[in-house]
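One structure is given below, encoded as structure tokens.
Throughout, read-outs are computed from the coordinates displayed, never taken from laboratory work. Since the model is a prediction, treat every value here as computed from it, not as a measurement. Note: ideal-geometry Cβ built from the backbone for every residue, glycine included; neighbour counts use all protein chains shown.
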């Protein structure tokens, strides 16, 4: 018997996320990682550095808890089947919306493919549609960690989104002042202050207003970004091979892509949020190391120059 899929009604996703978060917390299905944060300035960016609390570290020392930077075992698939207590809504016939089980930021959601696809593979039209359908619902930062070297902790393809702002104390993403200085050649922009390979595209408001139509154009722009960086030869985005590790970040204003060389900077895992200006460190020693070397230096080391 076939299952009838009913995607969420427009304008309801944020309420569904909030309600499901309360349910998951009551059921013990979601594990929020307590942190404090500090702002560390380098190269004109006030980086937001979150430090895992002492209490969490003590718990991890006594029980088999996941590493907060890679919260799930990459050799297991938590999405087949997924935990029903984490289910938020059907996005489409290809994607479901789930809560992130191990979250640092409240209302952190995942856009997960129903069938297994490799996290390293190209994004497809259905992936972009799922991203835009969620980004249309509320202001957020959507992102994709393409492969383990880009900070992905699961092989099963999933995009992610966190609401904005990242904290009430910081009204914009830390990296945005540099992105606003980008110089464009056609649709492709580059920010002079970023010391690593990257490309930037401005988002068209019509893509947000009409996500199903906008997804086709956004897919073209995504593939053009990969081609500009030498990560793709062209095509439709339906290729099964990997373009190589990279991070993709998308807001309602811009899309930003950074190719990666390695996952960690001196033991500090860096995913797409690092290129938005946000880091997660496990202890004071890692925080001190970032302060000494500089967060932008860390990004340069894990990206391609």
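Computed quantities for the displayed model
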quantity	calculated
Mean Cβ neighbour count within 10 Å, used as a protection proxy, ranking 169-178, 146-155 highest first	146-155, 169-178
Cα→Cβ-extended label distance, 7 Å offset, between residue 139 and residue 12, nm	2.5
Label-to-label distance, nm, for residues given as residue 118 and residue 180 (7 Å Cα→Cβ offset)	4.1
Gyration tensor (Cα) of the stretch 13-302, equivalent ellipsoid semi-axes in angstrom	27, 24, 18
FRET efficiency estimate (nearest 0.05) - Cβ-Cβ, residue 26 to residue 262, R0 41 angstrom	0.55
Packing-based ranking, highest mean first, of 38-46, 112-120 given that Cβ atoms within 10 Å are counted	112-120, 38-46
Calculated [θ] (222 nm, deg cm²/dmol) that DSSP helices of n ≥ 4 give over the chain, each run adding -39,500 (n - 2.57)	-7500 deg cm²/dmol
Förster radius 30 Å - calculated FRET efficiency between residue 288 and residue 43, Cβ distance, rounded to 0.05	0.95
Efficiency of FRET from Cβ geometry, residue 77 and residue 297, R₀ 41 Å, rounded to 0.05	0.70
